[in-house]
Amino acid sequence: MNRETPIVKNHIGTLGATALVFCCRIFYLLTYSPKSEEYGGSVSMLAFFLAGVASILLCTVFWFMLRRCGAHSLPELYQRQGRVFATLCELAVLGVLSGSALSTVLNFSGFMSSTVYPGAGAQVMAAAVMFAAAYGAYSGMEAISRLAIPVTLVLLIGLATAAAGIVGSINPVYLIAPGPEGVPQVLELFFQALFHNTEVLLFLILSDKIREGSPKIYAWGAAFSMSVYQFTILLVTMALGPFAYVRSYPIYSMLAAAELSVLTRLDMINMVIWIFITYIRCAAYLYCICGCIRRMAPSWQRGHVSLGVGVLGALAGSYLCGGLNRGLALWELWSGAAPFVLAAGVLLLSVCAALLRARRREKE
Amino acid sequence: MKKFLSGVLCLILILSCTGCMPSVQIDRRLLVQGIGIDWTEGEYQVTLQVFSPAAKGETEGAGSTDIHTAAGENLAECMQSVCRDTGRSLFLGNCRMVILGANAMGENREPVLDYLLSNHELRPGIPLLFTEGQAADLLKAPMDGAEVPAMRIHEVVSAHIHAGLCPDATLLTVIQGIDGPGASAALPLLDLTEDDMLVIAGAALLLPDSGYTAVAAEDWRGAAYLLGQLESADYTLGYKGGTLRVTVTPVLHLLSAQEENGRPLLQLQLRLNCAVQEFTGGRLDWNSTETAAVAAVVERQAQQELQQSFGLIQAHQADVLGLLPQMKKFTPKLYQAHSGAWLLEQAELKTEIQVNITSLGSGARAAA
């Protein structure tokens, strides 16, 4: 008797899926750093807004391409094109997903060991997150997406509380509209934000597991996260001003500066929420990694694959967190266009292969 | 077997989760209350006022403070030296203030601020104070047989800030000012009297050229009006041959910058509520004419203070009012066409003050 839970299609709720997209996309907010005035405030806001809109458009176009080929998800599409093609695509997707999961853990442990707990073992943190996320992946996508709903709510409450705490320091003078001279910076940040965004790939992989799966869900999640990005960067820019450019993590600094009469510092409260967001993002990517592996090796059990992914992820995370140069090497690779090109390439090649096959059949 | 392995795994996870960071027991920590930073004889001198549970002097049962000092080439070295000498680790998360000696804020301003920024335990909202003498002397100033606790200094400074007698400065606001287009900031100025009493002497304006200038407490109140930092001010004013004692509370403060005839114009709209506490030296008939006359006297006083402070700030070329960031945003052409110094020099202050007599104190009523 097969003790595995059968894969049930369309079993992630719409709200859960939207919250999941939101949590995955909002992850990089805490480590947002404008570097200098040229990249700060309105320049970042405009670039992130455009990148969000572009990602919604891309997701919609890609999703309609899948539907044009009669597939409900990206794996379904490339699985139809033969074993060799499917394996190559799975390996490419696996690379992108692994990079995303590792960059999540790297960012998280790097941030925590630099600011919240200086001197703490980044390697231990990375390993702990990977193991926890592997358990999340084993629990299934429904469990992860259900958790994303309360986490989203608590995050919004946390940010609203921080806004209330910092409102006294707000000075609109620090928000200056970008002029024509700011176009190169806007473009640089736009492409950076677009390339970082592997959530489109995540959505296309999971779309057959989402009830009423349509790009609307991604659009809602992305638009919602974009609004929170805009609001938070606006708040940071107006509350911190030039102070934001001398801090590695200005949003964390804003949370530390935000004080309410009963709560002296709000950074620790928000940290708990960010730990959950890291867990959700990492678990979602590990779940898809497990899916990739199981499609290539269908006889392997879910539990064993999750455990293996957890162990390998923990080892890789610990190794990369062991030295700044190793982590930065991955990050530099990840900041480029490689993951985006790889993901888009898999999709476009799959679509082309499907269309060619359909045309060949029509001719026959 | 499976349950046993799961149990072992859970135990390992639980035990490893608590060990991510090294733990330090409370008695192994130095709970820093105040930091003093000086630059003497070519090296930094750091003075730490640390909470001590043991009572000292007349502060029986309430705990006291200990002083630790260290000198070194940089601030991190000084802090490490204190840790080494005491065998304990520093905790700066509860620090109430940082006092900066004038020498440390001259040429060495940047490394000092960089160190304060780099320390994750120091909040962005930590108050920064300034002294023309040695910061160490202020932290060692005696009170009731022991050092004045940093908490007490903080309370006294806060009271002066609310009364508009010194600026409100934190690490956040000082960095905003120094890294902003004006490259200036204002800090509360502390001093010691001849008999070692700690006093708030006014404001220290950090200037773009790494220098500073002192502004007396009574000259700062106008700037406090302009910055919207004043909560309430008490005045004793001469009126109809007698003395009028009033309390003024700002209820509306709007400061904007614009261009007028090719010159910067700073416009302040201020609404003040005024409570007449007492009138001595005659009798007043409290009717609308009388209240209007009293309001005019208060308005004149506020106007005078505003112009005086603005003139001083202008003379020292210190943009502590944030005129240049306002010009950069609202009149970018004018901002780009002229230097910061020219803009500050040419700036004009236009005020619109409305005084509203809201209540008569018991002393004022008796005189009516």
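If I ask for residues that are of a type in the set (Lys, Arg) and at the interface with chain A (Cβ under 10 Å from one of its Cβ atoms), which ones from the stretch B:326-344 would you list? Scanning the stretch B:326-344 gives B:328, B:329.
Quick check on residue B:266: is it touching a residue at least 40 places away in the same chain (Cβ under 8 Å), part of a strand (DSSP E or B) and within 28 Å of residue B:335 (Cα to Cα)? Answer is yes for this residue. Assess whether residue B:141 counts as being away from chain A (no Cβ under 14 Å), more than 13 Å from the chain's Cα centre (by Cα) and touching a residue at least 12 places away in the same chain (Cβ under 8 Å). For residue B:141, the condition - away from chain A (no Cβ under 14 Å), more than 13 Å from the chain's Cα centre (by Cα) and touching a residue at least 12 places away in the same chain (Cβ under 8 Å) - is met. Restrict the check to the stretch B:288-305 and report whether at least one residue is modelled with pLDDT of 90 or more, in contact with a helix residue (DSSP H, G or I) (Cβ under 6 Å, 6 or more places away or on another chain) and buried (at least 21 other Cβ atoms within 10 Å of the Cβ). Yes. Scanning the stretch B:102-125 for residues that are part of a loop (DSSP other than H, G, I, E, B) and aliphatic (A, V, I, L, M) yields a single hit, B:122.
Each residue in the stretch A:239-251 was checked for being surrounded by fewer than 24 Cβ atoms within 10 Å (Cβ to Cβ) and aromatic (Phe, Trp, Tyr), and 2 of them qualify. When you look at residue B:245, is it touching an Asp or Glu at 6+ places or on another chain (Cβ under 6 Å) and either surrounded by fewer than 15 Cβ atoms within 10 Å (Cβ to Cβ) or not in a helix (DSSP H, G or I) (or both), yes or no? Here the answer is yes, as residue B:245 does meet what is asked. Check the stretch A:325-346 and report whether any residue there is closer than 22 Å to residue A:93 by Cα and not in a helix (DSSP H, G or I). Among the residues of the stretch A:325-346, at least one is closer than 22 Å to residue A:93 by Cα and not in a helix (DSSP H, G or I), which makes the answer yes. If we scan the stretch A:206-227, do we find a residue that is more than 18 Å from the chain's Cα centre (by Cα), small (Gly, Ala, Ser), within 14 Å of another protein chain (Cβ to nearest Cβ) and surrounded by fewer than 19 Cβ atoms within 10 Å (Cβ to Cβ)? No.
Filtering B:227, B:266, B:254, B:272 for residues that are within 24 Å of the chain's Cα centre (by Cα) and not assigned by TED's automatic domain parsing to the domain that holds residue B:336 leaves a single hit, B:227.
In the stretch B:309-344, what residues are closer than 30 Å to residue B:276 by Cβ and more than 20 Å from the chain's Cα centre (by Cα)? B:311, the sole residue that qualifies. Of everything in the stretch B:1-60 that is loosely packed, with under 14 Cβ neighbours inside 10 Å and β-branched (Val, Ile, Thr), the residue that is modelled with the lowest pLDDT is B:18.
Going through the stretch A:177-205 one residue at a time, which ones are within 30 Å of residue B:322 (Cα to Cα), among the hydrophobic types (A, V, I, L, M, F, W, C) and either more than 14 Å from chain B (Cβ to nearest Cβ) or surrounded by 21 or more Cβ atoms within 10 Å (Cβ to Cβ) (or both)? Correct list: A:183, A:186, A:189. A single entry from B:323, B:254, B:272 fulfils the requirement of being on the phi < 0 side of the Ramachandran plot, of a type outside the set (D, E, K, R) and away from chain A (no Cβ under 14 Å): B:272.
Residue A:155 satisfies every condition listed in (1) under 30 Å from residue B:228 (Cα atoms); (2) touching a residue at least 24 places away in the same chain (Cβ under 8 Å) except (1). If you go through the stretch A:241-269 and keep only what is more than 14 Å from residue A:29 (Cβ to Cβ), at the interface with another protein chain (Cβ under 9 Å from one of its Cβ atoms) and free of Cβ contacts under 8 Å to residues at least 60 places away in the same chain, you end up with A:243, A:246, A:256, A:264, A:265.
Would you check if there is a residue in the stretch B:315-323 being loosely packed, with under 13 Cβ neighbours inside 10 Å and closer than 28 Å to residue B:214 by Cα? Looking through the stretch B:315-323, at least one residue is loosely packed, with under 13 Cβ neighbours inside 10 Å and closer than 28 Å to residue B:214 by Cα. The set of residues in the stretch A:149-172 being buried (at least 21 other Cβ atoms within 10 Å of the Cβ) and more than 16 Å from residue A:26 (Cα to Cα) consists of A:162, A:165, A:166, A:169.
The values are calculated or read from the model by the stated rules, or taken from the named source; none is laboratory data. Since the model is a prediction, treat every value here as computed from it, not as a measurement. In this analysis, Cβ positions are derived from the backbone assuming ideal geometry, glycine residues included, and neighbour counts consider all displayed protein chains.
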